[in-house]
């Protein structure tokens with residue numbers, strides 16, 4: 001799960017723009033022209049939409065106002081230097097920048113506010129708006145300068161002090177943040193957001209007593225309003241024991257019986273402490289009192305999910321209002337239960353209701369990523385390419401899905417977009433480094449891993465990249481030699497293996513020579529350890545996305561797999577999701593002649609077909625084990641047939657045994673399988689066009705391993721034609 005960075009939002013309130021004549025610099029006011037009236041009316045309509053929070057709807061009006069401005073004064077279209085104009089001309093640019101800020105398109109908003117600032121005279125609100133946009137782009141130094149310019153114009157600019165406080169806090173300058181929030185509170189003394197930030201700043205400075213004193217003072221000043229209780233409760237949650245906080249929120253609830261937010265706090269406290277039964281009781285009582293309050297439904301859904309009671313969550317959801325936050329809550333209830341794909345429709349409903357809100361997009365991308373629907377994730381993400389988002393999680397998930405599909409080059413721009421939205425996003429920097437490592441660009445891999453480690457020196461991906469770069473400095477033969485020694489399962493006679501691999505230490509070996517050394521070093525009967533290089537490497541990598549044959553006939557869906565590569569499972573899942581009503585259909589999996597491949601790929605396919613369980617256990621040469629798991633989300637078929645023969649081996653046998661062991665509707669058709677319960681890892685060097693597959697583990701399904709034991713079919717078939725096997729399918 002990605003680390004969250006706290007984001008503070010400040011919206012500058014901009015004027016709608018007065019209806020003044022003489023907008024082009026005339027000495028005396030005049031009767032407004034038709035164009036001036038059109039500018040005024042369009043700008044006012046857009047401003048009203050902003051005030052309503054309908055930012056997307058504001059844009060057409062404000063864009064139309066700007067068109068009229070350019071028609072009235074064409075010189076402003078390519079404005080490069082300061083000019084003097086009236087507020088009527090200036091205001092549409094300010095307002096549209098505000099709308100884009102609220103929509104999270106900080107770059108576009110900045111373009112408009114910078115044009116607005118070229119149209120004199122300027123106001124403190126414009127500089128505050130510029131500061132907000134620069135802060136959204138994490139250009140904090142420039143944001144601070146903008147806020148200070150606002151204060152220079154107006155020492156009473158409350159929003160400028162607030163902006164200074166937020167940026168200072170984000171930069172870790174808590175002393176300065178504290179000073180600026182106090183100045184803001186001198187101007188807006190009852191603002192609870194600023195009061196919370198004062199408490200946060202004092203706690204960050206380890207001045208707990210002063211934080212308590214401040215909260216007590218605020219509470220006494222506003223004890224007749226809920227604002228006072230809110231700040232006192234905020235302080236208690238940071239410093240007090242559960243019983244004291246509980247008693248205080250009960251007191252708040254008694255004082256403000258008709259205020260939903262005051263009533264909710266006690267249930268939120270129970271939920272936060274893991275007392276879900278008490279939370280459920282409390283929220284259910286509130287539902288009777290506040291049947292139209294969306295937050296009550298949201299908390300009830302969250303609570304039912306925490307209790308593992310998805311049916312109860314659905315019961316609450318069924319009677320809840322049609323609101324995006326409730327759809328997102330229900331989707332997250334499914335996510336929490338491992339039902340990733342089942343969560344997607346709820347997030348889609350949230351997106352439909354609130355297309356400008358980023359939350360639904362983030363959750364849908366997360367569900368597709370966690371549910372291994374990488375193709376769907378990328379396809380959905382590409383539809384969002386033309387939209388502007390402020391949250392780096394959106395491009396991060398798209399980039400992550402591209403990486404899973406081995407689209408390393410395509411992943412990089414998405415991670416770069418995430419970094420542009422948050423320059424401190426070390427996870428995206430390390431993923432860029434990893435992608436460049438896979439692409440063989442060591443210089444870029446080092447650059448980005450260095451940047452990631454400068455922000456967080458324990459990032460595991462960046463450290464892995466740096467370790468790999470160290471290894472890459474070794475000659476190719478030495479790297480393959482070490483990889484083989486570290487991973488080869490059958491190294492009972494270690495001295496003999498080391499002698500056989502000694503030749504790899506020789507400098508200047510060709511890939512053909514390396515391949516011969518590998519073939520001579522492995523056990524004679526080990527057909528699953530081999531090297532692929534040169535033209536064979538090119539053919540294999542080119543064919544990796546074509547490992548599946550897929551056919552449909554009435555209610556039968558046929559898949560044939562040549563091998564298990566890094567994307568075989570993704571191709572399978574992509575096609576599987578297109579099958580309508582699979583519970584009424586027959587799935588046919590043809591593994592004849594499939595000698596195996598990557599255990600991960602076979603386990604990923606088991607994941608999509610099996611419920612929540614351990615799909616297989618991997619056993620390494622040193623006796624250590626690890627397990628693959630399937631989640632609760634899975635696709636069920638009426639019947640499953642698996643075709644096997646004497647050449648079905650390794651990962652193909654793993655898929656067969658996994659399905660046969662855990663499902664009661666699976667029929668295995670054909671002949672005894674090869675009987676090789678092992679799996680491989682792969683060394684790849686793209687620059688030298690070589691891959692080395694090395695057997696490095698046994699695998700079990702439950703307690704069963706078919707090493708030299710074979711999987712015996714339920715129905716034997718002598719012939720080799722597909723029709724011979726299809727006759728068994730009913």
Applying the selection to region 662-680, what residues are modelled with pLDDT of 95 or more and either farther than 17 Å from residue 576 by Cβ or surrounded by 18 or more Cβ atoms within 10 Å (Cβ to Cβ) (or both)? 662, 664, 666, 667, 668, 669, 670, 671, 672, 673
Matching strands (runs of 3 or more DSSP E) fully within region 621-730 where at least 3 residues are more than 21 Å from residue 555 (Cα to Cα) and in the same structural domain as residue 594 (by TED's automatic domain parsing): 625-630, 678-685, 690-700
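Condition check ((1) closer than 29 Å to residue 179 by Cα; (2) in contact with a strand residue (DSSP E or B) (Cβ under 7 Å, 6 or more places away or on another chain); (3) surrounded by fewer than 19 Cβ atoms within 10 Å (Cβ to Cβ)) across all residues:
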residue: 199; (1), (2), (3): yes, no, no
residue: 221; (1), (2), (3): yes, no, yes
residue: 226; (1), (2), (3): yes, no, yes
residue: 238; (1), (2), (3): yes, no, yes
residue: 244; (1), (2), (3): no, no, yes
residue: 247; (1), (2), (3): no, no, yes
residue: 254; (1), (2), (3): no, no, yes
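Checking the conditions here, which among 458, 447, 471 is surrounded by fewer than 13 Cβ atoms within 10 Å (Cβ to Cβ) and farther than 22 Å from residue 696 by Cα? Walk me through how you get there before you give the answer.
Working: 447 fails: surrounded by fewer than 13 Cβ atoms within 10 Å (Cβ to Cβ); 471 fails: farther than 22 Å from residue 696 by Cα.
Exactly one residue qualifies, and that residue is 458.
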Assess whether residue 324 counts as being surrounded by fewer than 23 Cβ atoms within 10 Å (Cβ to Cβ), without any contact (Cβ under 8 Å) to a residue 60 or more places away in the chain and in contact with a helix residue (DSSP H, G or I) (Cβ under 8 Å, 6 or more places away or on another chain). yes
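Being outside any helix (DSSP H, G or I) and touching a helix residue (DSSP H, G or I) at 6+ places or on another chain (Cβ under 9 Å) is the requirement here; does residue 122 meet it?
Details: outside any helix (DSSP H, G or I): yes; touching a helix residue (DSSP H, G or I) at 6+ places or on another chain (Cβ under 9 Å): yes.
Yes, satisfied.
Considering 397, 340, 414, which residue is surrounded by fewer than 24 Cβ atoms within 10 Å (Cβ to Cβ), under 15 Å from the mean Cα position of the chain (by Cα) and within 30 Å of residue 439 (Cβ to Cβ)? Don't jump to the end; show me each part of the working.
Working: 397 fails: surrounded by fewer than 24 Cβ atoms within 10 Å (Cβ to Cβ); 414 fails: surrounded by fewer than 24 Cβ atoms within 10 Å (Cβ to Cβ).
Only one candidate passes the filter, namely 340.
Quick grid of which residues meet (1) at pLDDT 95 or above; (2) buried (at least 16 other Cβ atoms within 10 Å of the Cβ); (3) under 29 Å from residue 721 (Cα atoms); (4) more than 34 Å from the chain's Cα centre (by Cα):
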{"position": "613", "(1), (2), (3), (4)": "yes, yes, no, no"}
{"position": "633", "(1), (2), (3), (4)": "no, yes, no, no"}
{"position": "642", "(1), (2), (3), (4)": "yes, yes, yes, yes"}
{"position": "651", "(1), (2), (3), (4)": "no, yes, yes, no"}
{"position": "656", "(1), (2), (3), (4)": "yes, yes, yes, no"}
{"position": "660", "(1), (2), (3), (4)": "yes, yes, yes, yes"}
{"position": "686", "(1), (2), (3), (4)": "no, no, no, no"}
{"position": "694", "(1), (2), (3), (4)": "no, yes, no, no"}
Is there a residue in region 474-484 that is outside any helix (DSSP H, G or I) and closer than 29 Å to residue 623 by Cα? no
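The values are calculated or read from the model by the stated rules, or taken from the named source; none is laboratory data. What you see is a predicted model; the values in this text were computed from it and never measured. FYI the Cβ positions are ideal-geometry reconstructions off the backbone, even for glycines, and counts take in every protein chain you see.
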